[in-house]
Structure formats: C-alpha cells, structure tokens
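Quick note: the coordinates plus some simple rules give every number you see, no bench work behind them. Everything quoted here is computed from the prediction, not taken from an experiment. No Cβ is skipped: glycine too gets one built from the backbone with ideal geometry, and neighbour counts run over all protein chains shown.
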Ligand SMILES: [Zn+2]
C-alpha cells in the first residue's frame with residue numbers, strides 16, 4: 001500500500017479544484033516571486049533561532065520513528081526535526097525549503113506521547129508534506145488584505161478538513177494501531193495524559209460521535225454554526241473516520257472497499273458542513289428561503305443588483321431559481337415571515 005492509495009478522495013478532488021482557481025493561482029505566483037526575492041532558508045533560520053534541532057545522536061528514538069514514517073510513506077527528501085519549549089501538545093510540518101522537510105514538536109508532546117502515539121503524530125505531519133497540502137496557501141487567502149469570496153472560503157475550509165483526514169490516515173498507516181492513534185487524538189484534544197485522571201476508552205469516545213449523528217437527525221438541530229469554519233475536524237469525528245479507515249481494505253484484507261469508506265467518511269464530515277443549500281427537509285427549505293431572500297435584499301440595497309452581485313447570487317441560487325422573476329421589494333416585506341419560519345421549524 002502506498003501513501004497516495006490511502007489519500008482521502010475528497011481531499012484530492014477539492015485540492016485539484018482549488019489549485020485551478022484563479023485567486024489561488026495568482027496568490028501562488030506572488031508567493032513564489034516573494035520567495036525568489038527573499039531569503040531562501042527563512043524557515044530553517046527561524047527554527048534554528050527559536051527551537052532545538054534534534055540530531056540523530058541526541059534523539060535516537062525520535063529519529064528511528066521518523067525513519068519508519070519516511071519509509072512507509074515513500075518520502076525521499078531529507079528531514080530535520082526540531083523541539084520547542086511549550087506545555088501545549090503540538091506539532092507542525094513546514095513548507096519544504098531547498099528540498100528539506102522540517103517537522104517541529106512541542107517539548108510536552110515529545111515527553112508525554114508513547115512510541116505509537118508519536119508515530120501517528122509524525123506520520124500525520126509528514127502526510128501533509130506527501131500530499132502537497134502546502135501548495136494551497138489557505139492562510140494567505142483567508143487572512144489576506146481582501147476577504148476571499150464566500151464560496152472560496154467555504155471550499156477552503158471543507159478541503160482543509162478533508163486534508164486533515166488524509167494526514168490522519170498517513171499517521172495511522174505509520175502507527176498501525178488504532179487504539180494508540182485514538183489515544184493520541186484524545187490527548188491532543190483534552191491535554192490529559194495522566195491515567196489516574198482519565199482512562200481512555202475508545203468505544204466510549206466513539207459513542208460521542210454516534211450521539212452527534214443521532215442529534216443531527218432531529219430537524220432544525222444541525223451542526224453548530226462555527227463548525228463550518230473550523231479547519232481541524234473535531235476529534236471524535238476524526239477517530240470515527242480513522243476507525244472506518246482501519247476497517248477498510250486499505251488496512252485489512254477483508255475490509256470495506258475505498259468508495260464505501262469515502263461515502264461513510266463524507267457522511268460523518270457532513271456534520272460539519274452547512275447542508276441547508278441542498279437539504280430536502282422542511283427546516284433546510286426554510287433556512288434556504290431565508291438565506292436566499294436576505295441575499296437578494298442585501299444585493300439590491302445599494303443601486304440595485306449589479307452584474308457582479310448577480311453572478312455571485314447565481315452561484316447560490318442554482319437552476320431552480322430565476323433571478324429575473326424575484327422581486328427584491330416583495331422579498332424584503334416577506335423577510336420577517338421567513339425569519340420566524342426558520343426559527344419555528
Ligand atoms: Zn494536520
């Protein structure tokens with residue numbers, strides 16, 4: 001099994017679509033121009049100044065694990081490992097410089113995570129490198145001088161969550177032990193490592209996801225709104241997605257096939273996506289009517305609906321609505337009713 005064979009399909013599809021977008025292409029060109037002008041090894045210099053480089057002599061155990069991940073994921077770039085002082089569990093992989101890949105760990109993580117847990121974290125970070133996740137400049141787009149178009153921002157968040165799923169699979173592929181992988185995610189999410197305080201139970205942790213799925217079936221009580229905009233999938237969802245991965249034929253000979261795996265993962269991830277634009281329940285329809293009505297009214301507020309506004313609205317309205325027959329003044333009058341209805345359902 002190779003790293004590319006286990007990559008989450010939605011990560012691949014969404015990243016291809018994002019890389020083809022003009023805004024992303026333009027930004028990548030300008031980042032490239034900046035780096036040609038600027039210093040070639042800015043990240044490395046920064047890491048050497050703020051962190052400790054872990055040489056193979058000093059940190060033989062950590063390097064052994066890195067070697068194992070590099071081999072399993074088929075990486076041929078040289079790797080440099082760093083540690084920095086922090087009580088917070090964290091790790092990061094940087095965009096390569098001059099062919100060199102950098103991974104940074106917080107001191108607390110290195111001390112509190114056992115071998116398998118560390119393999120997962122390291123494999124996850126290297127997964128970001130293997131799948132070229134750094135090619136999509138999400139930070140630049142979202143924090144740039146001009147806010148990105150709404151559909152681009154939502155696509156970036158959705159992609160980013162699926163990119164985490166791919167990286168998690170790479171980590172699990174290196175660790176080969178679901179229990180440790182889940183425990184690592186639990187430690188990252190809760191900060192708790194002392195077994196006297198909390199004894200981690202995989203099944204109980206997974207039951208939290210089933211509760212969330214059951215909750216979502218009730219009309220009008222969908223995913224919390226802030227989840228649309230979070231880039232890291234909430235960790236019980238990640239554990240559930242990883243459990244499915246372990247039960248697939250990517251990890252075991254008798255498992256479910258990849259299309260089935262991806263279907264089930266998408267179902268779990270949909271808990272974090274705004275579904276009312278496509279949904280068919282009464283509450284979806286009420287939310288959609290309110291959203292679209294309000295969008296048309298706002299677009300019309302200043303000097304009518306411009307060509308640019310019309311194009312944006314069309315992207316959301318889809319085929320079933322015709323902009324020309326919508327009357328913004330009537331919609332405005334109708335908004336309080338739509339608001340009340342979306343609350344009622
Ligand atoms: Zn990640």
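Could you check the simple spin-label distance between residue 45 and residue 266, using points 7 Å along Cα→Cβ, in nm with one decimal?
If labels sit at residue 45 and residue 266, their model points lie 4.6 nm apart.
Once label points are set 7 Å from the Cα along Cα→Cβ at both residue 340 and residue 95, what is their separation, rounded to one decimal in nm?
If labels sit at residue 340 and residue 95, their model points lie 5.3 nm apart.
Using a simple spin-label model with points 7 Å from Cα along the Cα→Cβ vector, what separation in nm is obtained for residue 249 and residue 327?
Output for this residue pair reads 5.9 nm.
For region 3-272, what class follows from the C-alpha gyration tensor (a ≥ b ≥ c being the square roots of its eigenvalues): rounded when a/c is under 1.5, otherwise prolate if a/b is larger than b/c, else oblate?
oblate
Can you show me the helix-derived [θ] at 222 nm for the chain, built from DSSP H runs with n ≥ 4 at -39,500 (n - 2.57) apiece and divided by the number of residues, rounded to the nearest 500.
-19000 deg cm²/dmol
Where does each of 251, 1 land when they are ranked from fewest to most other beta-carbon atoms within 10 angstrom?
1, 251
What's the center-to-center distance, using Cα atoms, between region 285-307 and region 106-166 in Å?
Distance between centres, Cα-based: 34 Å.
Quick one: among 253, 325, 43, which has the greatest mean-square fluctuation in a GNM of the chain with alpha-carbon springs under 10 angstrom?
Between 253, 325, 43, it is 325 that shows the largest mean-square fluctuation.
Estimate the FRET efficiency between residue 307 and residue 1 by the formula 1/(1 + (r/R0)^6), using the beta-carbon distance for r and 51 Å for R0, to the nearest 0.05.
My answer for the efficiency is 0.50.
Counting other beta carbons within 10 Å of each residue's own, what order do 68, 238, 337 fall into, fewest first?
Going from sparsest to densest Cβ surroundings: 337, 68, 238.
What residue among 170, 91, 150 has the largest mean-square fluctuation in a Gaussian network model of the chain, using Cα springs under 10 Å?
Sorting by GNM fluctuation, first place goes to 150.
Sort 260-266, 83-89 by the packing proxy (mean of other Cβ within 10 Å over each peptide's residues), most packed first.
260-266, 83-89
Order of 95, 240 from fewest to most other C-beta atoms within 10 Å?
Going from sparsest to densest Cβ surroundings: 95, 240.
By how many degrees, 0 to 90 and rounded to 10, does the Cα axis of helix 60-73 deviate from the longest principal axis of the chain?
50 degrees
Considering only 246, 124, 134, give the residue with the highest GNM mean-square fluctuation for the chain, with springs between Cα atoms whenever their separation is below 10 Å.
So, out of 246, 124, 134, the one fluctuating most is 134.
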